[in-house]
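Read the structure below first, then the notes.
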Amino acid sequence: MAGAPRLVLLLSGKRKSGKDFVAEQLRSRLGPDVCAVLRLSAPLKEQYAQEHGLDFPQLLGAGDYKERYRQDMIRWGEERRRADPGFFCRAAVRGAVQPVWVVSDTRRPSDVAWFRAAYGPAVRTVRVQASEEARTSRGWAFVAGVDDAESECGLDQGLAFDWTLHNDGDAAALEGQLRAVLRAVQDQL
Ligand SMILES: Nc1ncnc2c1ncn2[C@@H]1O[C@H](COP(=O)(O)OP(=O)(O)O)[C@@H](O)[C@H]1O
Ligand SMILES: C[C@@](O)(CCOP(=O)(O)OP(=O)(O)O)CC(=O)O
């Protein structure tokens, strides 16, 4: 396939586990010419913002704004996915030319299935794990209908992760784990 990536790292994990943080760490170490961070939620949020007259950059941020709309965005996104499960995956990869892609927000078995069908052996799965205590310190609080729904729990079972990164706030421990992933990535390039 023309322009196919050498490696696709599918990050999953709970809200405030640090998926975006880890994705950015990987990108900054590999460099922007080598690594692209792709977000399935970016085209979702863009279109949702347009249709609802909302502020797209604020929906992309880690603040309270996106939390206000999360439940309705989940509902809206699921409607789109029901009609076309690959809709947001195709939109997210459009235009990415780097050899390594980090998808920072894989949430559903259908997301993983789409990437595996498209990029086969290049796909690796990475779980970002953080304790409830660490997530709470980053602003997380349980919301029924979000934290117990597929958006947060869809990949809790049934997927063997290539790596599980523990991101509980110990910078040195995370550093060691990131280095192990980066070594494996470099070996594939
Ligand atoms: N290891 C870390 N060191 C410092 N800040 C972190 C770390 N992990 C996450 N954060 C911060 O916690 C917040 C939530 O992380 P984020 O990556 O947005 O989580 P997620 O994408 O899983 O919801 C962000 O402000 C982020 O910068
Ligand atoms: C409607 C969503 O796409 C919103 C996702 O937003 P983020 O990916 O920014 O969320 P976290 O990083 O976990 O805090 C969820 C979905 O079910 O598609």
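The values are calculated or read from the model by the stated rules, or taken from the named source; none is laboratory data. Here the structure is a predicted model, which is why all the values come from computation and not from measurement. With ideal geometry, Cβ positions are generated from the backbone for all residues, glycine too; neighbour counts draw on all protein chains shown.
Can you tell me how many residues within region 153-171 are of a type outside the set (A, V, I, L, M), surrounded by 15 or more Cβ atoms within 10 Å (Cβ to Cβ) and in a strand (DSSP E or B)? Qualifying residue count for the region: 2.
The residues on offer are LEU7, LEU44, LEU11, LEU59, and the sole one that is closer than 22 Å to GLY86 by Cα and under 12 Å from the mean Cα position of the chain (by Cα) is LEU11. Within region 95-102, can one find any residue that is at pLDDT below 95 and either away from ligand 1 (no atom under 16 Å from the Cβ) or over 24 Å from ASP147 (Cβ atoms) (or both)? Within region 95-102, one or more residues are at pLDDT below 95 and either away from ligand 1 (no atom under 16 Å from the Cβ) or over 24 Å from ASP147 (Cβ atoms) (or both). Just give me the residues in region 101-152 being outside any loop (DSSP other than H, G, I, E, B), loosely packed, with under 13 Cβ neighbours inside 10 Å and of a type in the set (A, V, I, L, M, F, W, C), in sequence order. Correct list: ALA117 only. When the helices (runs of 4 or more DSSP H) confined to region 11-79 are screened for residues that are over 24 Å from GLY139 (Cα atoms), away from ligand 1 (no atom under 14 Å from the Cβ) and modelled with pLDDT of 95 or more, those reaching at least 1 such residues are found at 19-30, 41-52. The numbered conditions (1) closer than 16 Å to LEU38 by Cα; (2) assigned to a helix (DSSP H, G or I); (3) free of Cβ contacts under 8 Å to residues at least 60 places away in the same chain are all true for GLY95 except (2). Filtering region 15-29 to residues that are under 12 Å from ARG39 (Cα atoms) and basic (Lys, Arg) leaves only LYS19. Among the residues of region 82-89, are any surrounded by fewer than 18 Cβ atoms within 10 Å (Cβ to Cβ) and in contact with a Phe, Trp or Tyr (Cβ under 6 Å, 6 or more places away or on another chain)? Scanning region 82-89, I find at least one residue that is surrounded by fewer than 18 Cβ atoms within 10 Å (Cβ to Cβ) and in contact with a Phe, Trp or Tyr (Cβ under 6 Å, 6 or more places away or on another chain), so the answer is yes.
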